[in-house]
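To start, the structure under review is shown below, and the notes come after it.
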Amino acid sequence: MFLSIKEMEVRKVRFDETFQPGEIDFSDEQMRQSSPLHATGVAELLANTEGEVRIQGRLTVKLESECDRCLGRAEFPLDTRFDLFYRPVQSLSAAEEVAIDEGEAEMGFYEGAGMELEDILREQIVLLLPMQRVCSTDCKGICPVCGKNRNESACNCHEEPADDRWSALRKISQV
Ligand SMILES: [Zn+2]
Ligand SMILES: [Zn+2]
């Protein structure tokens, strides 16, 4: 769905859209959309700004991937509200462009006549996905010795006792 600035000049643009799996490309081969993506909200042109747009709404979707530890299915149900601001890219002077720092990270930019809702949703979803993709925070993973899924059955393997010198080193590198 295209959110048109021209339309926003007349009225707030409301959206209530459903995207089936495959309609939005997350450019992430590990991640699959496992439920329809539903997004509702409103886009408005803010008064007394040079074309600043505010998009508020809510999205719900389920995604799934392989668990990083046990290779089973890891599910990520997302249900989130968003409140985003976009400025036209041509409003930026070169000096300002340099000045954009962390503090303005919440501000996005658009080019031309408006923006695609799909692009906005994709960006939000990618930001929300956890770095570590596990089926559950206490997933026991796969035994490095026998290859059994330790969530399903305990095995009798003894793990190599950790070498103290190495674990000390690891602690240092984590700081
Ligand atoms: Zn797992
Ligand atoms: Zn084992």
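Inspect all residues belonging to region 49-67 and state whether any of them is open to solvent by less than 20 Å² (accessible area, probe 1.4 Å), of a type in the set (A, V, I, L, M) and over 17 Å from Met1 (Cα atoms).
yes
Among (1) within 18 Å of Glu64 (Cβ to Cβ); (2) at pLDDT 90 or above, which single condition is Pro130 missing?
Here Pro130 clears every test but (2).
Does Asp83 count as assigned to a loop (DSSP other than H, G, I, E, B), touching a residue at least 24 places away in the same chain (Cβ under 8 Å) and in contact with a Lys or Arg (Cβ under 9 Å, 6 or more places away or on another chain)?
On the way: assigned to a loop (DSSP other than H, G, I, E, B): no; touching a residue at least 24 places away in the same chain (Cβ under 8 Å): yes; in contact with a Lys or Arg (Cβ under 9 Å, 6 or more places away or on another chain): yes.
Spelling it out, it is not the case that Asp83 is assigned to a loop (DSSP other than H, G, I, E, B), touching a residue at least 24 places away in the same chain (Cβ under 8 Å) and in contact with a Lys or Arg (Cβ under 9 Å, 6 or more places away or on another chain).
Would you mind stating whether Glu44 is modelled with pLDDT under 95 and on the phi < 0 side of the Ramachandran plot?
Values: modelled with pLDDT under 95: no; on the phi < 0 side of the Ramachandran plot: yes.
So Glu44 fails the test.
Kindly provide the set of residues from region 107-153 that are within 16 Å of ligand 1 (Cβ to nearest atom), hydrophobic (A, V, I, L, M, F, W, C) and exposed (fewer than 12 other Cβ atoms within 10 Å of the Cβ), ordered by number.
Of everything in region 107-153, just one residue is within 16 Å of ligand 1 (Cβ to nearest atom), hydrophobic (A, V, I, L, M, F, W, C) and exposed (fewer than 12 other Cβ atoms within 10 Å of the Cβ), namely Met131.
The values are calculated or read from the model by the stated rules, or taken from the named source; none is laboratory data. Predicted model, so just to flag it, every value in this text is computed and none were measured. Counting neighbours? That spans all protein chains shown, and the Cβs are built from the backbone with ideal geometry, glycine included. In case anyone asks, the SASA skips ligands and DNA or RNA and just uses the protein heavy atoms, side chains included. Shrake-Rupley method; radii C 1.70, N 1.55, O 1.52, S 1.80 Å.
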